[in-house]
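The structure appears right after this line, and notes come after that.
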Amino acid sequence: MDELIKYAPDLGIGFLENVKLSLVAAVVSLILGTVLVAMRLSPTPVLRVAGTVYVNVVRNTPLTLVLAFSALGLSDQLGLVFSQTPLTNSFWVVAMGLSLYTAAFVCEALRAGVNTVPMGQAEAARAIGLTFMQSLRMIILPQAFRTVVAPLGSVMIAMIKNTTVATAGGFLADAAATMKEVFDTTGASIPIFLGIVLAFMALTMPVGFFTGWLSRRLAVVR
Amino acid sequence: MSTTVLFDAPGPRGRVRNSALTVVSVIVVGAALYGVYLGFDAKDQFEGKIWQPFLMWETWDFYIIPGLIGTLQAAAVAAVLALAFGAIFGLARLSDHAWIRIPAGVVVEVFRAIPLLLLIFFIFYLAPAVLGGGDYAFMAVVVGLMLYNGSVLAEVVRAGVHAVPKGQSEAAYAVGMRKNQVMRLVLLPQAVTAMMPAIVSQLVVLLKDTALGYIIAYVDLLNTGFKILPARFFGSLIPAAIVIGIIYVALNMALSFLATWLERRSRRSRKTAAAPVVAPGSAEVGVAAGQGTEGGGVAPDRPVE
């Protein structure tokens, strides 16, 4: 217990980085995932293929590889630099990798939602003369989003837990890396481990409850 | 709803517009790919020299194949253990005795909520303290994967048994079977069929997550391919990433196809009255497939089925 109290400030700072990563990745991946799903549904075959290939490749690649490649390959070798400060740079590299990865899952969740929208909705939209973009924007996606609020919540929870893999992307300031550092000096400490786990649960459980509540509230009655 | 319902069969103007869009998107996608190509080329990533190692048998023999074996070993052991863990705890959660049901529920919920990497770190540091010195990287990866994926599988088992229509167990009890017999002879055989796709997609998640071993220096494909190999052949980092990326994607897609095939088959077959179940916390609605390091989370209510 003493160890947890002693190292709590460091671990707290690390955990804050996980929270920041989660926030950035949540916003970017939701936007990118929506763009991807629009690509996969579009009348243009090239965009459909591009979207499908992206989702299938990214979804089947381990996150560890995505992040390690972003850091060592894209950033170090190919010179993709967000900031001159190494720590800030690696934060954005990890945020980028995590967003690109999560976007594929967001796209899959949304696509599953689109599949639950009854055919009549799209047919009616076409019948009153809406274009593809209009029917997607005003008819299909609003209903699709409502049905997949809970699955999207699971994707976000998974993403929050995935922020711990930031270590693989060379970002060594997050809670997992800090915990490893502390363990290097103290050895495995059960209080510290439980403390961090509880912190993550405090972050993921509200997301779960909120999206669960939201999905019941927004459910489309059919 | 099929995707084609979103837009009409195009008329003359629509066809022109679609062709224009196709041209524009070809240009945009092409430009993006060309940009990547230029970026790679500017850093000399297409020089034959750095791709050369992948044409030599020694590279595969010394680095990639041993790494692949390490990955598959960890995945295979963890898969067997996770299935056993999932079966035991899934059935324990269905028990009629509260003293079995509640502890099992707590274990499952807790291990599902812990970020997997933290769990692996903890085991990695705890093991030497408890068991004495040695290399515990393999054990940490396997036990971590077992606890996490086993907990997700326990939920799958529970969902699978619940998916069998009530009349089945009622009928079994009516002909005088015991609890044990009802479970063993009536519920489980039908539940397993319904669970199969969800189990296979969870195994994809498990296989992908073995890559976390990279962080604690377990000798897996990512480690030999992305850390050791580029250190030996200087400059081959990006080719290495591409090669092992292809291996991972091929492995996982093969397993995913198996899951899809199993699902289609179980939907056709009439051996079970239960509808296919979805892994808890999975992003899919109705279609079973796991989702990544990341499979589950604290799903507040039962997944959409």
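The values are calculated or read from the model by the stated rules, or taken from the named source; none is laboratory data. Treat the numbers as computed from the prediction; the structure is a model and nothing was measured. Ideal geometry is used to build each Cβ from the backbone, glycine not excepted, and the neighbour counts take in all protein chains shown.
Can we say A:VAL220 is modelled with pLDDT of 90 or more, farther than 19 Å from B:ILE120 by Cβ and in contact with a helix residue (DSSP H, G or I) (Cβ under 7 Å, 6 or more places away or on another chain)? Give the derivation first.
Working: modelled with pLDDT of 90 or more: no; farther than 19 Å from B:ILE120 by Cβ: yes; in contact with a helix residue (DSSP H, G or I) (Cβ under 7 Å, 6 or more places away or on another chain): yes.
Spelling it out, it is not the case that A:VAL220 is modelled with pLDDT of 90 or more, farther than 19 Å from B:ILE120 by Cβ and in contact with a helix residue (DSSP H, G or I) (Cβ under 7 Å, 6 or more places away or on another chain).
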Checking B:GLY176 against (1) touching a helix residue (DSSP H, G or I) at 6+ places or on another chain (Cβ under 8 Å); (2) over 18 Å from B:PHE89 (Cβ atoms); (3) of a type outside the set (S, T, N, Q), which test does it fail?
(1)
Residue check, A:ALA168 closer than 20 Å to A:LEU36 by Cα and small (Gly, Ala, Ser):
no
Spot the failing condition for B:GLY235; the list is (1) part of a helix (DSSP H, G or I); (2) in contact (Cβ under 8 Å) with a residue 12 or more places away in the chain, and only one is missed.
(1)
Looking at B:ALA283, B:ALA211, which is the one that is closer than 30 Å to A:MET201 by Cβ, at pLDDT below 70 and assigned by TED's automatic domain parsing to the domain that holds B:PHE124?
B:ALA283
Among (1) at the interface with chain B (Cβ under 7 Å from one of its Cβ atoms); (2) in contact with a Ser or Thr (Cβ under 7 Å, 6 or more places away or on another chain), the one test that A:VAL117 misses
(2)
In this structure, does B:ALA79 turn out to be farther than 29 Å from A:GLY79 by Cβ, part of a helix (DSSP H, G or I) and under 19 Å from the mean Cα position of the chain (by Cα)?
yes
Please go through segment B:27-76 and pick out each residue that is part of a helix (DSSP H, G or I), over 24 Å from B:ALA250 (Cα atoms) and of a type in the set (D, E, K, R).
B:ASP41, B:LYS49
Among the residues of segment A:134-152, count how many are without any contact (Cβ under 8 Å) to a residue 24 or more places away in the chain and more than 30 Å from A:THR204 (Cα to Cα).
4
In segment B:218-248, the residues that are surrounded by fewer than 19 Cβ atoms within 10 Å (Cβ to Cβ) and either outside the structural domain of B:PHE124 (by TED's automatic domain parsing) or at pLDDT 85 or above (or both):
B:ILE242, B:ILE246, B:ILE247
Pair list, Cβ under 7 Å, 6 or more apart: segment B:52-80 residue within 16 Å of B:ALA231 (Cα to Cα), other residue among the hydroxyl-bearing types (Ser, Thr, Tyr)
B:PRO53/B:THR59; B:PRO53/B:SER236; B:TYR63/B:THR224; B:ILE64/B:THR224; B:GLY67/B:THR224
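So that you can scan it fast, the table gives a plain yes or no per residue for (1) within 18 Å of the chain's Cα centre (by Cα); (2) of a type in the set (Lys, Arg); (3) within 7 Å of chain B (Cβ to nearest Cβ); (4) surrounded by 16 or more Cβ atoms within 10 Å (Cβ to Cβ):
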residue: A:VAL53; (1), (2), (3), (4): no, no, no, no
residue: A:LEU63; (1), (2), (3), (4): yes, no, yes, yes
residue: A:PHE69; (1), (2), (3), (4): yes, no, yes, yes
residue: A:SER83; (1), (2), (3), (4): no, no, no, no
residue: A:PRO86; (1), (2), (3), (4): no, no, no, no
residue: A:SER90; (1), (2), (3), (4): yes, no, no, yes
residue: A:VAL93; (1), (2), (3), (4): yes, no, no, yes
residue: A:MET96; (1), (2), (3), (4): yes, no, no, yes
Test of understanding: among A:LYS180, A:LYS161, which residue is modelled with pLDDT under 90 and within 7 Å of chain B (Cβ to nearest Cβ)?
A:LYS180
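If you check A:LEU32 against the conditions, is it part of a helix (DSSP H, G or I) and under 19 Å from A:ILE157 (Cβ atoms)?
Numbers: part of a helix (DSSP H, G or I): yes; under 19 Å from A:ILE157 (Cβ atoms): yes.
Against the criterion (part of a helix (DSSP H, G or I) and under 19 Å from A:ILE157 (Cβ atoms)), A:LEU32 qualifies.
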Can you tell me how many residues within segment B:250-261 are surrounded by 19 or more Cβ atoms within 10 Å (Cβ to Cβ) and either under 18 Å from A:GLY79 (Cβ atoms) or free of Cβ contacts under 8 Å to residues at least 24 places away in the same chain (or both)?
0
